[in-house]
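Participant: Next up is a structure, given as structure tokens.
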Amino acid sequence: MSTVHTYDVLVVGAGLAGMRAALAAYQQGATVAILTKVHPVRSHSNAAQGGINAALTDRGDKWEDHAFETVKGSDYLGDQDAIEVLAKEAGDDIIALEHMGVIFNRNEEGRLGTRRFGGQKRARTFFVSDFTGQAMLHVLFEQILQAKLPIYEEWFVTSTVKDDHGRCAGVIAFEIRTGNFALFKAKAVILASGGLGRVYEPSTNALICTGDGMSLAYRAGAPLMDMEMVQYHPTTLKGKGLLISEAARGEGAYLLNSEGDRFMERYAPNMMELASRDVVSRAEQLEINEGRDINGCVLLDCRHLGKTVINDRLRQINEEAKTFANIDLAEEPIPIRPGMHYQMGGIKTDIDGRCWDINKEWKGLLGLFAAGETACVSLHGGNRLGANSLLDTVVFGRRAGACAAEYAKTLNDPKISEALVDVDHDLVSSILRRPSHDDTIARIRLEMGQTMNRHLSVFREEEGMRTARQVIHALKDRWLTVGITDKGHVFNTGLVNTLELGFMLDCAETIIAGALTRQESRGAHFRTDYLNRDDEDWLRHILLYHSANGSPEIDYLPVRITQWKPQTRVY
Amino acid sequence: MNTTLRIRRFNPEQKSPAPFFQEYELELAPSDSVLDGLIKIRETLDDSLALRCSCRGAICGSCGMRINGHAALACKTKILSATQEGSTIQVEPMNNMPVIKDLITDMAPFWDKIRQIQPWLQPAAPPPTAEHLAPAETMSHLSGVMSCIMCGVCVSDCTVLEVDSTFVGPAALAKAYRFVADPRDAATTQRLQVLNQPSGMWDCTRCMECIQVCPKGVGPMDRIMALREQGMNESVPSTCGSRHAEVFADLIEDKGILDEPMLAIRTFGFQNWRRLLGLIPVAIQSFRHQRIPPSGPFHRAVPGIDQIKRLFTRMRKQP
Ligand SMILES: Cc1cc2nc3c(=O)[nH]c(=O)nc-3n(C[C@H](O)[C@H](O)[C@H](O)COP(=O)(O)OP(=O)(O)OC[C@H]3O[C@@H](n4cnc5c(N)ncnc54)[C@H](O)[C@@H]3O)c2cc1C
Ligand code: FES
């Protein structure tokens, strides 16, 4: 008999989206628990340096401007009803965070100050020095402690479960420290499990960003959307791919090629370095491909900003540059290049985080909610604006939490067979029984990552993507037999990595399927064999469903347009 | 460069579990971090090595461990700074917390102590509709202590925790300071009263170890000193800790040199005769070794005491 826990709302993930959702559900009176594979403050949200966007009307900004720039940034693939919600509610959420304790930087009047971020004409990015995500994450954790919500920390979710009505009604998870499995029953499950960066090698993402939630939802029958839209960030370090935040360019840093040219003049004469990320990354990659590079990189030059700005506003970034690249930003330009950073797509949700459609226009999974990077509302469409993701986590985390709590009120405790736990338990046992041989999970992951980075990066074309599809197929077969040396149950990190690799291979497959389907260039998805955006045929989302035969089943959904008709996108 | 990592391992599931050292030889670039080395071991030599790591960029706080005897973040420690060509780097789990497996420690006691200080903002009134107004300079200095990533490195190397596990510890105290120094927080006095208790802010011995090892420049001990100062300014009821500081200053002002027996007597106070009695064995031992310094009326002021007194007066005028 395995242990059984029961709650109204179960949140998988303790990043910003998960904790915000949990707090909202708790405030609506639901019983809530959080499950997370790492301690909450270890979640990847802490990596966000730059800031969080909001148009505060009492500061003369207009939510419509923020919304329009987000729509334009998305290359018109973002759903405008969702973007309107994001932009309208942003201000209240920023203020709520300040009230909870976030120490946002202030201006001379003692009010919250802003900096400029890419793709936006106005400075509307609120920030805490250059560790905004960390500052927010720790404060949300404080709120969770105050509310005394149960946190199952270092618990790994292996699958979602359904009740007799086919509704998502809980998850199966094991405690990493003991290897013990438990069944968690809930009236509503919120997946807030973050991004999938490790599907690529290199990536700016932490080692825990393995797309678990996307795969969990996909396997359970919920659709993934916009998976082909993978953001390459313009300023990442060579080697491990660590990020140099957009805050550097926000403060005024230049991009230079090997000839010392500010090459963005040629690609985005108005917005220059602060054009949308897809635009800047493509420009850099072209400079590199055409030989105006320095060992595969271009330069980010901060010297003219002066020591004071660098120390006050870019301290952590400079610290990072010193530690990881041996460069003091005040003294020397730093070599950077585009690198995989963010997944715009994810588990399809409506504007309340539901992974099913109350109007039944698309098929989803009742009882399941999603929020944060793992979800796709779609706000970011073809390209996310910097500092819109933190905003996404708090606005849609809150909405998903509140909606899940309300939804839970309408239901009785779910009935689930406890025998379901055995399936996952058996999978783990079988992985532990496999002999370890030459092939390793590290090798499979590296091959996957390099393949994705080669064929599904800034520039893509049919043949390369077909090759990638074959490679991933073969890797999936190898995953079925790969073994690990550690056969124990206590903190078996090899086991955790094996399960994560399984999730990542699903994600890779859906990215490729989406990218092969979309025969045009839009946002981050630029195809050298289809150079133009094609609104006639492709102003629509691609939905991917898990199918019995393995390859994703494809469906489409129109983009929701409220007030901004698609235009040519120039910066 | 050719490097050997000597790692303390521990597998609780073995028959009679006991820690042991295992050496791994591998080729690393000087600019690689110790974490790169550990990951390389896991990926190419021994996938059973257990450790926590995630961000690789000194921000998630997962990879605290002892490297050549001192706690540090593995991802922030360069191979080059830890060793020379051909020599060995020793890697062990953090101190002052139980080991679960290999380099993984049980952080539960750490988090219990963080919880103890009620780590959430406690504002006075319901918040305004907009943000709290606060001059930038009253807030911006908090970013130093907010950069704490709760990695546990300071707790691992805290010399007080080594002998007294009830001490609330440098990380929790730095966190407490973050609220005490926040103009929006209204619970300052209560917070200081709690910190004033035994095992609180007065138990730090100022060994500076936490300042040295902190990978984020938080300077926990400096925050503890700031808490003490604020405690004394807010005159939360005096305790041995604060009296020790006051009596110390008093005695120096009076005689220019420390009167140690008097320091003990006045710090504890006669009403605390039990603790004073506890000091008798120490006194007898010191007496035997002829180390009892003259006290009270026998304790003479140093020459130049006037100058010292003048210094005190001047200091009091312009703090
Ligand atoms: C280097 C970097 C800098 C960034 N800077 C910015 C910025 O300046 N502004 C901005 O807006 N955005 C930024 N982003 C993006 C943003 O940080 C993320 O998209 C966002 O924080 C994601 O938050 P989340 O809550 O969705 O997920 P995360 O914070 O990643 O949390 C995921 C949670 O899910 C849990 N989890 C995952 N799988 C499982 C499982 N199987 N079982 C149990 N638990 C599980 C994890 O333990 C974790 O708690 C940046 C991203 C990176 C990589
Ligand atoms: S891996 Fe995150 S702090 Fe070292």
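The values are calculated or read from the model by the stated rules, or taken from the named source; none is laboratory data. Since the structure is predicted, the reported quantities are computational estimates derived from the model, not experimental observations. Reconstructed Cβ throughout: ideal geometry from the backbone, glycine too, with neighbour counts over all protein chains shown.
Participant: Looking at segment A:448-498, which of the residues that are among the small types (G, A, S) and under 20 Å from A:R518 (Cα atoms) is nearest to the other protein chains (Cβ to nearest Cβ)?
Facilitator: That would be A:S457.
Participant: Please find, among B:M139, B:M107, the residue that is at the interface with chain A (Cβ under 8 Å from one of its Cβ atoms) and within 30 Å of A:E108 (Cα to Cα).
Facilitator: B:M139
Participant: Just checking, how many residues over segment B:140-164 are assigned to a loop (DSSP other than H, G, I, E, B), in contact (Cβ under 8 Å) with a residue 60 or more places away in the chain and more than 16 Å from ligand 1 (Cβ to nearest atom)?
Facilitator: Of the residues in segment B:140-164, 5 are assigned to a loop (DSSP other than H, G, I, E, B), in contact (Cβ under 8 Å) with a residue 60 or more places away in the chain and more than 16 Å from ligand 1 (Cβ to nearest atom).
Participant: Sort out which residues of segment B:7-66 are within 16 Å of ligand 1 (Cβ to nearest atom) and facing chain A (nearest Cβ under 9 Å), and write them in order of number.
Facilitator: Those that are within 16 Å of ligand 1 (Cβ to nearest atom) and facing chain A (nearest Cβ under 9 Å): B:R52, B:C53, B:S54, B:C55, B:R56, B:G57, B:A58, B:I59, B:C60, B:G61, B:S62.
Participant: Considering only segment B:63-83, I want to know if a residue exists there that is surrounded by fewer than 15 Cβ atoms within 10 Å (Cβ to Cβ) and in a loop (DSSP other than H, G, I, E, B).
Facilitator: yes
Participant: Looking at A:F131, A:F127, can you tell me which residue is buried (at least 24 other Cβ atoms within 10 Å of the Cβ), touching a helix residue (DSSP H, G or I) at 6+ places or on another chain (Cβ under 9 Å), within 10 Å of another protein chain (Cβ to nearest Cβ) and aromatic (F, W, Y)?
Facilitator: A:F131
Participant: With the requirement that a residue be away from ligand 2 (no atom under 15 Å from the Cβ) and either β-branched (V, I, T) or assigned to a loop (DSSP other than H, G, I, E, B) (or both), what does segment B:36-48 give you?
Facilitator: B:I41, B:T44, B:D46, B:D47, B:S48
Participant: Restricting to segment A:351-403, count the residues that are of a type in the set (V, I, T), surrounded by fewer than 24 Cβ atoms within 10 Å (Cβ to Cβ) and in contact (Cβ under 8 Å) with a residue 40 or more places away in the chain.
Facilitator: Residues meeting the conditions: 1.
Participant: Just give me the residues in segment A:485-499 being surrounded by 20 or more Cβ atoms within 10 Å (Cβ to Cβ), assigned to a loop (DSSP other than H, G, I, E, B) and touching a residue at least 40 places away in the same chain (Cβ under 8 Å), in sequence order.
Facilitator: Scanning segment A:485-499 gives A:F491, A:N492.
Participant: Right, here's the next one. If A:M229 satisfies all but one of (1) touching a residue at least 24 places away in the same chain (Cβ under 8 Å); (2) more than 26 Å from the chain's Cα centre (by Cα), what's the number of the condition it fails?
Facilitator: That leaves (2) as the condition not met.
Participant: Taking B:T77 as meeting all but one of (1) within 16 Å of ligand 1 (Cβ to nearest atom); (2) within 23 Å of the chain's Cα centre (by Cα); (3) polar (S, T, N, Q), write down the number of the exception.
Facilitator: (1)
Participant: What do you reckon, is A:D58 surrounded by fewer than 23 Cβ atoms within 10 Å (Cβ to Cβ), within 14 Å of another protein chain (Cβ to nearest Cβ) and within 15 Å of ligand 1 (Cβ to nearest atom)?
Facilitator: no
Participant: Right, next: Taking A:I34, is it more than 16 Å from ligand 2 (Cβ to nearest atom) and under 30 Å from A:I561 (Cβ atoms)?
Facilitator: Against the criterion (more than 16 Å from ligand 2 (Cβ to nearest atom) and under 30 Å from A:I561 (Cβ atoms)), A:I34 does not qualify.
Participant: Here is a further query. Can you tell me how many residues in segment A:519-559 are of a type in the set (S, T, Y) and loosely packed, with under 13 Cβ neighbours inside 10 Å?
Facilitator: Here the count works out to 3.
Participant: For segment A:404-414, indicate whether the set of residues that are within 16 Å of ligand 1 (Cβ to nearest atom) and either buried (at least 20 other Cβ atoms within 10 Å of the Cβ) or closer than 24 Å to A:D350 by Cβ (or both) is non-empty.
Facilitator: Yes, there is a match, as at least one residue in segment A:404-414 is within 16 Å of ligand 1 (Cβ to nearest atom) and either buried (at least 20 other Cβ atoms within 10 Å of the Cβ) or closer than 24 Å to A:D350 by Cβ (or both).
Participant: Name the residues in segment A:458-476 that are out of contact with any helix residue (DSSP H, G or I) (no Cβ under 8 Å at 6 or more places or on another chain) and either farther than 14 Å from A:L501 by Cα or outside any helix (DSSP H, G or I) (or both), would you?
Facilitator: A:E461, A:E463, A:Q470
Participant: Scan segment A:191-210 and give yes if some residue there is within 14 Å of another protein chain (Cβ to nearest Cβ), within 16 Å of ligand 2 (Cβ to nearest atom), out of contact with any strand residue (DSSP E or B) (no Cβ under 9 Å at 6 or more places or on another chain) and free of Cβ contacts under 8 Å to residues at least 60 places away in the same chain, otherwise no.
Facilitator: Yes - at least one qualifying residue is present in segment A:191-210.
Participant: Among B:E229, B:E253, which is the only one that is in the same structural domain as B:S147 (by TED's automatic domain parsing) and surrounded by fewer than 17 Cβ atoms within 10 Å (Cβ to Cβ)?
Facilitator: B:E229
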